[in-house]
Structure formats: structure tokens, C-alpha cells
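One structure below.
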Amino acid sequence: MKNNFAAVGRLLESSKRLLFITGAGVSAESKIPTFRGATAAFADGMTEDGMPFEEVLSGTTFRANPTLAWKYLFKLEQSIRGKTPNAAHRVMAALQSPRRHVCVATQNIDGLHQQAGSRVVLELHGNIRRVICTRCQYSDYRETFEGMPPLPRCPRCDAMARPDVVLYEESLPVLVLESFVREQERGFDVVFSVGTTSLFPYVSQPIWSAARRGVPVVEINPERTVISSLANYRFAGPAGETLQQLMREMGT
Ligand code: OAD
């Protein structure tokens, strides 16, 4: 493992374009529960309303029963409220330099990568703090949801408002996907998968494609995932500690 740290430290040192694909595990050390696994918000994947979280947080439920969907959206926002970036977010931001481009493609909706100072953050699942009107698309950024009525309405047209997040069954934001494709076309020297199960194809595919082209793949995750067998280097520790150690290895 020691040698792995040194080897990835050298890769980081010489890199000019880095991709970090991140998931809930990156924010676990900021005390935000993950969706699945040991630190999951929903035990056994079930909500207290007896429905799987994928169902209550789906586009279908939002349309059929917005009160129920909003109940869990509020819970999600509450779990994020007041949380701050941890060492993992900070290291990814610190790796940016005039000679190194760092792209972060995240499934997290907490905005902590931007808060840590990362400049190129592709929010594949949106951002829970942006509230958007379901009719006129008016959008507003809220520091917190505190004081919001149970079913918030648009201040412009009075239609139902919702957080600007991708619910289950919904498509990803087109502009974000286009940016992700452009970033991948330019290529990367190293690709990292950090704190994600990589269950969604748009998250595992860039890893497959990097591995096929011989681009080094690094995984940081205490548990094995569907992309673990593709990783040239695998670190089974927490994201913050591991990334700090890798940063220390740079240039040594
Ligand atoms: P998951 O909750 O599915 O998985 C969290 C991953 O983080 C697991 O693989 C854990 O082993 C790992 N992990 C936990 N603590 C960690 C730590 N300290 N350091 C590093 N890794 C750690 O989260 P995602 O894979 O991000 O989608 O899930 C992706 C999507 O699942 C979410 O964006 C959400 C949910 O369905 C939508 O809401 C559309």
C-alpha cells in the first residue's frame, strides 16, 4: 500500500488534467449520510412510510403525491444543512493549479465541492439548495429550507416549486452532460472514483473508457464496487485521509 501511495503521488504530481468522479462517500466525513452502505440514511433502503427511497424520491411520486416527496426532500436538505467541506473536498480543490485542470463530476447535491473552492464541478444530480419552479423555471438559491412552507410555491407564478435535483426516473441535466462529454473528449491523465458505488452507467462508463485507453484509474472506497476490478490503484480507506496522504506524497 505504501508503494501505491508513492506511485499515485507521482501520477498526481505530473498530471495536467485530472478527473474526480465523486459520490456520497466523499461527504460522509462531513457527517452527511450516504444512500447505501454502513452510513446510509435509509436503513434497508426503506423509508418510514414503508416505501423504498428510490420510490419516494421519484418523478412519479413528486407528480402524484408532492407532499410525500417534499417530506423526504426536506429530510435530505436537513441532513445537509450547515455541513461544511472535509479534507477530501479540500484536497481536490487544492490540486487545481495554473498547470493542472481538475474536473469534479459529482452525484452529490450538497454543493460542498464548490464551497471547498473547486471551480469545475459538474453536478450530475443537481443541487438541493437551488429551488426551481415546475412551470416557469424561475429559480432561487436558498441557504437553507428553514421557514419554507410544506409545499413551496413559485413567487412569480404560484406553481409548485421543487429543488433543482434529479429525481429517480428523470433525465440528467443536458448542459451538464454536454460539459462532461466535452471534458472527456479532451482526455485525462488520471481518473479517480471516490466514495461512490458507481451503480449508474454514466458514472461507471467514463471509468471503463479510461481503463480501455490505458489511463490510470484510482479508486478510493472502503468497500469494493462494480469498478474495483478496473482500478490500477485501490485505496480502502476513507476519502479525506487517503487524499491527504496522496497529496503529501506528491513531489517526494
Ligand atoms: P451510495 O450511498 O450508494 O454509496 C456510498 C459509497 O461511499 C459506498 O460505496 C461506500 O462504501 C462509500 N463510502 C462510505 N464512506 C466513505 C468514506 N469515508 N470515504 C470513501 N468512501 C466512502 O452513494 P453514491 O454511489 O454516491 O442518486 O450513490 C449515487 C446515487 O445514489 C446518489 O446520488 C443518489 C442515490 O440513488 C439520486 O438521488 C438520483
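The values are calculated or read from the model by the stated rules, or taken from the named source; none is laboratory data. Bear in mind the structure is a predicted one, so any value in this text is a computation, not a measurement. Every residue, glycine among them, receives a Cβ derived from its backbone with ideal geometry; neighbour counts consider all protein chains shown. SASA here: full protein model, heavy atoms, side chains in, ligands and nucleic acids out. Shrake-Rupley method; radii C 1.70, N 1.55, O 1.52, S 1.80 Å.
A few remarks follow.
- Relative to the dominant Cα principal axis of the chain, helix 201-212 is inclined by about 10°.
- Accessible carbon and sulfur surface of the chain relative to its total accessible area, %, 1.4 Å: 53 percent
- Using R0 = 51 Å, the C-beta based FRET efficiency linking ARG63 and SER229 works out to 0.85.
- About its Cα centre, the stretch 35-80 has a charge dipole of approximately 120 debye under the convention of +1 per Lys or Arg Cβ and -1 per Asp or Glu Cβ, with nothing else charged.
- Unit charges on C-beta of K, R, D, E only; dipole of the chain, Debye: 760 debye
- Rounded tilt (10° steps) of 66-80 against the dominant C-alpha axis of the chain: 40 degrees
- Chain lengthening between LEU172 and THR144 when straightened (0.36 nm per residue, less Cα-Cα): 7.7 nm
- Note on CYS157 and GLN137: the model spin-label points, each 7 Å out from Cα along the C-beta direction, lie 1.0 nm apart.
- Between the Cα long axis of helix 239-249 and the first principal axis of the chain there is an angle of about 30°, rounded to the nearest 10.
- Relative to one another, the C-alpha centroids of the stretch 80-133 and the stretch 8-41 are positioned 11 Å apart.
- Sorting ASP158, ASP140 by solvent-accessible area of protein heavy atoms yields ASP158, ASP140, largest first, with a 1.4 Å probe.
- Measuring between their Cα centroids, the stretch 234-250 and the stretch 189-216 lie 18 Å from each other.
- Between VAL120 and GLU13, full extension at 0.36 nm per residue minus the direct alpha carbon distance yields a gain of 36.6 nm.
- Per residue, the stretch 35-80 exposes an accessible area of 50 Å² to a 1.4 Å probe, with every protein chain left in place.
- In this entry, the chain is assigned a mean projected area of 13.6 nm², taken as a quarter of its C-alpha convex hull surface.
- GLU54 accessible area, assembled protein chains, probe 1.4 Å, Å²: 70 Å²
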